[in-house]
Amino acid sequence: MTIQHQIAVAEHREKADFILRNATVADVFSLVWRQADIVVANGRIIAIDEQGIFDAHETMDACGRHVIPGLIDGHIHIESTLLTPSEFSRVLLPHGVTAAITDPHEIANVAGSDGIQYMLDDAKSADMDIFVMLPSSVPGTSFENAGARLEAEHLTPFFDDAAVLGLAEVMDYPAVLSGDEQMLKKLEHTHHANLVIDGHCAGLTSAQITGYRAAHIATDHECVTADEARDRVMQGMHVLIREGSAAKNLHDLLPAVTAANARRFGFCTDDKYVDEIIAEGTIDHAIRLAIQAGMEPLQAIQLGSLNVAECYGLKERGALAAGFIADFVIVDDIESMTIATVFKEGQLVAQNGAMTTLKFEAPIPAHIQQSVHLPAVTADHLAIPMNTAKANVIEIIPNQIMTKHLICDVESEHGFFVPSIEQDLLKLVVIERHHQLHTTGHAIVRGFGLQAGAIATTVAHDSHNALALGTNDADMLIALARLEAINGGVVIVKDGVILAEMALPIGGLMTALDGATASIQLRALHEALLTLNPQLNFHLLLTLSFIALPVIPTLKITDTGLFNVTTFEHISIEYFDESMA
């Protein structure tokens, strides 16, 4: 029996399976380092042995190096890495991340329950632990068209899966605060199942947070200021400090973390592309940045391990102590978080930046790989009528997912908007791609700085319709046509020539390629973007992908039109000064 063997090892009647000797062990409960051996049996830690009194069938010498718990990402959309869960695992484990909590609402917006099931199935073949929070808002709002609609009855059957921890980021705050019947069902079912409910509190006031807390919503990863983080903690929430590709909030939020409240904070990634993950990691990167900013290393490690585990009820993860799952990481240099060796359940799975295990993955349902269904797009689909001199314009904030609402003078010819490279006013369209509804939203955008060409993508949070940005219609049409031909992904065009593309045929969101190959393709996309904007100094693709998310302030675009998130209503592109009426 498993427990019998563990007790026998603990009582020295039997040998342990494995011992990591001579380690400087992180005690994330007391925030001290302990010189000890880590004793393992049946994938569990039997003892942190400071006297060296245990014996084992296999041993390894840590040579005094620091050993920390396996790191845990508190909130990530695996689809945003562009990888499948199993390949995501193989990219993350060498960085010491042994568990992740994911919200598969990207693939759910494309393929509904089938998309969630695919992610669960593939995750079970991964070497790391991948836990799932069920998408709460598919579609994100009622003002757009996604590939599916998930109600409470679609989600509840997934509660029986041990990998499911709760309900993911509740984005539709008007539905929560107004007591929408379907939203209340999701919240109540999750609460009664004693599972966690994640928040998504971007731009919400303290009073609105109080309403969220009344609905049993426990976390928020959308804080962008220290004051917001303090308010969430004071109201009993866990705050996940986000450091991803586009949303980089760590430095702004660290001042909110004190010795008194640190246990209410953790780290998360939210969205990060595979090339950046390979280069710098995720939670290890957040810990590294926190240490560089002056946080005590053990405190930073606690945020990246124990705090997240306890937030989500993962009682046997996040620490190095007797009874915990034997997930641990040997670190060569703690200040720079240089990861040397990674153990999962006491087994060596990664060393010197590479996996030591074989890869397994779940089959991909055919219909998920055929998800891009565009109309025959013509210049008429792209035309923006303009009968006023001024327009409501979206202004991006580089490397942020929030936008600004501008009122700008714009150029037009024959009653239609004309993009202006000089003014950095470009054309933006979203075309429904799931059910051939032929709905198309238009917008004018500033901040991308394209000097030529066009970009088209099916990575357009959260409904993931076809999104095209361009300086001219001809290139936009070529990019959109190619986008459908490759079953989704990213296409970059200049002067009628496709400069680079990356096919993402799994829901228009993910590639079946390995992480290294996907990273090479991403690098080619970034190089092509520099051809369109030689001065580019921010993550354009990820910033672009969030411009269609109508739950993040201030102005966004959906397939049904320009959307003001502050007032939660559509507005006209044409600006009419009511004071002059």
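The values are calculated or read from the model by the stated rules, or taken from the named source; none is laboratory data. Only a predicted model underlies this, so the values are computations on that prediction, with no experimental measurement involved. Reconstructed Cβ throughout: ideal geometry from the backbone, glycine too, with neighbour counts over all protein chains shown.
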key: Residue that is surrounded by the most Cβ atoms within 10 Å (Cβ to Cβ), among those in region 51-93 that are under 28 Å from Q521 (Cβ atoms) and in contact with a Lys or Arg (Cβ under 8 Å, 6 or more places away or on another chain)   = T81
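Filter region 109-130 for residues that are surrounded by fewer than 23 Cβ atoms within 10 Å (Cβ to Cβ) and either polar (S, T, N, Q) or more than 21 Å from I197 (Cβ to Cβ) (or both) and give the result.
Of everything in region 109-130, those that are surrounded by fewer than 23 Cβ atoms within 10 Å (Cβ to Cβ) and either polar (S, T, N, Q) or more than 21 Å from I197 (Cβ to Cβ) (or both) turn out to be S113, D114, Q117, D121, K124, S125.
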ask   = Counting only residues that are in a helix (DSSP H, G or I) and farther than 26 Å from G96 by Cβ, how many does region 213-254 have?
value = 10
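Listed here are the residues, each with its yes/no results for (1) farther than 21 Å from L450 by Cα; (2) part of a helix (DSSP H, G or I); (3) modelled with pLDDT under 95; (4) touching a helix residue (DSSP H, G or I) at 6+ places or on another chain (Cβ under 9 Å).
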residue: I498; (1), (2), (3), (4): no, no, no, yes
residue: G508; (1), (2), (3), (4): yes, no, no, yes
residue: S519; (1), (2), (3), (4): yes, yes, no, yes
residue: L522; (1), (2), (3), (4): no, yes, no, yes
query = So which strands (runs of 3 or more DSSP E) are wholly in region 1-90 and hold at least 2 residues that are over 30 Å from D271 (Cβ atoms)?
reply = 16-27, 32-41, 44-49, 56-61
ask   = Can you find a residue in region 263-272 that is among the acidic types (D, E), part of a loop (DSSP other than H, G, I, E, B), in contact (Cβ under 8 Å) with a residue 40 or more places away in the chain and farther than 30 Å from F546 by Cα?
value = no
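Would you check if L320 is buried (at least 22 other Cβ atoms within 10 Å of the Cβ), in a loop (DSSP other than H, G, I, E, B) and modelled with pLDDT of 95 or more?
yes
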task = Sort through L530, L536 and tell me the only one that's free of Cβ contacts under 8 Å to residues at least 40 places away in the same chain, closer than 30 Å to A500 by Cα and not polar (S, T, N, Q).
result = L530
ask   = Do we find that I571 is in contact (Cβ under 8 Å) with a residue 12 or more places away in the chain, within 30 Å of I407 (Cα to Cα) and over 25 Å from the mean Cα position of the chain (by Cα) in this structure?
value = yes
ask   = Regarding N249, is this residue free of Cβ contacts under 8 Å to residues at least 40 places away in the same chain, within 15 Å of the chain's Cα centre (by Cα) and more than 24 Å from A516 (Cα to Cα)?
value = yes
E106 vs. criteria in contact (Cβ under 8 Å) with a residue 24 or more places away in the chain, on the phi < 0 side of the Ramachandran plot, buried (at least 23 other Cβ atoms within 10 Å of the Cβ) and over 20 Å from the mean Cα position of the chain (by Cα) = no
remark   = Screening A466, A512, A503, A516 for residues that are within 15 Å of S80 (Cα to Cα), under 27 Å from the mean Cα position of the chain (by Cα) and in contact (Cβ under 8 Å) with a residue 60 or more places away in the chain leaves only A512
query = Of all strands (runs of 3 or more DSSP E) completely enclosed by region 342-458, which ones contain at least 3 residues that are free of Cβ contacts under 8 Å to residues at least 24 places away in the same chain, touching a Ser or Thr at 6+ places or on another chain (Cβ under 7 Å) and under 27 Å from F568 (Cα atoms)?
reply = none
inquiry  = Quick check on P174: is it surrounded by fewer than 23 Cβ atoms within 10 Å (Cβ to Cβ), over 29 Å from H570 (Cβ atoms) and not hydrophobic (A, V, I, L, M, F, W, C)?
reply    = no
request  = Answer with yes or no whether F159 is surrounded by fewer than 22 Cβ atoms within 10 Å (Cβ to Cβ) and modelled with pLDDT of 95 or more.
outcome  = yes
message = One residue is enough: does region 283-299 have a residue meeting the conditions touching a Lys or Arg at 6+ places or on another chain (Cβ under 9 Å), among the acidic types (D, E), farther than 21 Å from I76 by Cβ and part of a loop (DSSP other than H, G, I, E, B)?
response = no
key: Only listed residue being surrounded by fewer than 23 Cβ atoms within 10 Å (Cβ to Cβ), of a type outside the set (D, E) and either assigned by TED's automatic domain parsing to the domain that holds G515 or more than 18 Å from the chain's Cα centre (by Cα) (or both), chosen from A256, A326, A290, A300   = A256
